[in-house]
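Trainee: Quick one: the structure is below, questions incoming.
The values are calculated or read from the model by the stated rules, or taken from the named source; none is laboratory data. Remember, predicted model here, so these are calculated numbers, not experimental data. When we count neighbours, we look across all protein chains shown, and the Cβ atoms used for this are built from the backbone with ideal geometry, even at glycine. Ligands, DNA and RNA are excluded from the accessible area calculation, which covers all protein heavy atoms including side chains. Shrake-Rupley method; radii C 1.70, N 1.55, O 1.52, S 1.80 Å.
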Amino acid sequence: MPDDPVVALQLGRVDYLAAWELQRQLAAARRAGAIPDTLLLLEHPPTFTTGRRGGTHHLRLSVDALAARGVPYYVTDRGGDVTYHGPGQLVVYVILRLGEGQRRVRRFVESLEATVLDVLASYGITGELDPRHPGVWIGRNKIAAIGIAIHHGVTYHGIALNVTTDLEPFDWIVPCGIPDRGVTSLAELVAGPVELADVQARWLAAFAERFGRTVELDPEPIRSLDDVLLRLTSRWAGATRSSAIVR
């Protein structure tokens, strides 16, 4: 139902493994037609992750040394190489059922990259793309990482945009496996303070424009991840009933 709104939920700061399991549950529910297309807006506590083909060869510190600093390392089922997640980073997980003819991975990634370019432009910053390296760049410094998975036509994982993120932990890895590049954040580039909530609002507007969809931001706080699936299924059932009545 491409005309149905995409629902955006604000989850706050969420443990990485818990968010990963939630994504998989929601992707399965989306494939079954039980929930609408969904955006999960959140932050993670300090965490390192790598993609499905990743290993430890791009770590500058050992897994044990990272753990001693209180930072876990996970191999995930997304694409891409090692990256860091932490407070002050806008993470958006995109649970989206792609229509027939829209399932090219690169096209979807390009659309996500474009949303970040639009956010940067709204701050007067010109972002760049590198066809060899997914993500969004400012010169030779990456500001947003992108890693996705698509299973039976439904996407999950998404983007991580550095807003006020502490960049020091990126020194403990080879970010995205690219040894001659660096990392930056909006806070380093924008004159004056930058707020995560403002960046989130700009990104949602950019997503709506780039994907041609209406986005509805749920104003109710999510107090528990256990509430997410129930809220989405209830909302979807109500929308389906309303559509049936209109017809």
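Trainee: Cα axis of helix 105-122 to longest principal axis of the chain: angle in degrees, 0 to 90, nearest 10?
Mentor: It is inclined by approximately 80 degrees.
Trainee: A197 label point, 7 Å along Cα→Cβ, cut-off 18 Å on backbone N: hits in the stretch 1-39?
Mentor: Only 8-14 pass the distance filter.
Trainee: Sticking with this structure for a sec: Taking all protein chains as present, what is the carbon and sulfur share of the accessible area of the stretch 2-102, in % to the nearest whole number, probe 1.4 Å?
Mentor: Result for the stretch 2-102: 50 percent of the exposed heavy-atom area is carbon or sulfur.
Trainee: Does the chain come out rounded, prolate or oblate by the C-alpha gyration tensor, with a ≥ b ≥ c the root eigenvalues, rounded set by a/c under 1.5 and, if not, prolate when a/b is larger than b/c and oblate if not?
Mentor: Here the chain falls in the prolate category.
Trainee: Ignoring ligands, DNA and RNA, what percent of the 1.4 Å accessible area of the stretch 121-239 is carbon and sulfur?
Mentor: That fraction is 51 percent.
Trainee: A further question follows. When the helices in the chain are scored as -39500 (n - 2.57) per DSSP H run of 4 or longer and the sum is shared across all residues, what 222 nm value do you end up with, to the nearest 500 deg cm²/dmol? Intermediate results must be reported in sequence, preceding the final value.
Mentor: Values: 6 runs with 81 residues, N = 247.
Only helices count here, giving -10500 deg cm²/dmol.
Trainee: Using only Cα atoms and rounding to the nearest 10 degrees, what angle (0 to 90) does helix 226-246 make with the longest principal axis of the chain?
Mentor: So the inclination is approximately 40 degrees.
Trainee: How far apart, in nm, are the 7 Å Cα→Cβ label points at T126 and R213?
Mentor: 3.1 nm
Trainee: At 1.4 Å probe radius, can you tell me the per residue accessible area of the chain in Å²? Walk me through the numbers on the way to the answer.
Mentor: On the way: 11400 Å² over 247 residues.
Here the per-residue accessible area is 46 Å².
Trainee: Now, a different point. For helix 196-211, report the angle its Cα long axis makes with the longest principal axis of the Cα atoms of the chain; keep it between 0 and 90° and round to the nearest 10°.
Mentor: It works out to around 60 degrees.
Trainee: Then there is this: Quote the FRET efficiency, to the nearest 0.05, computed for A18 versus R104 with a Förster distance R0 of 30 Å and r equal to the Cβ-Cβ distance.
Mentor: Working: r = 31 Å, r/R0 = 1.02.
About 0.45, to the nearest 0.05.
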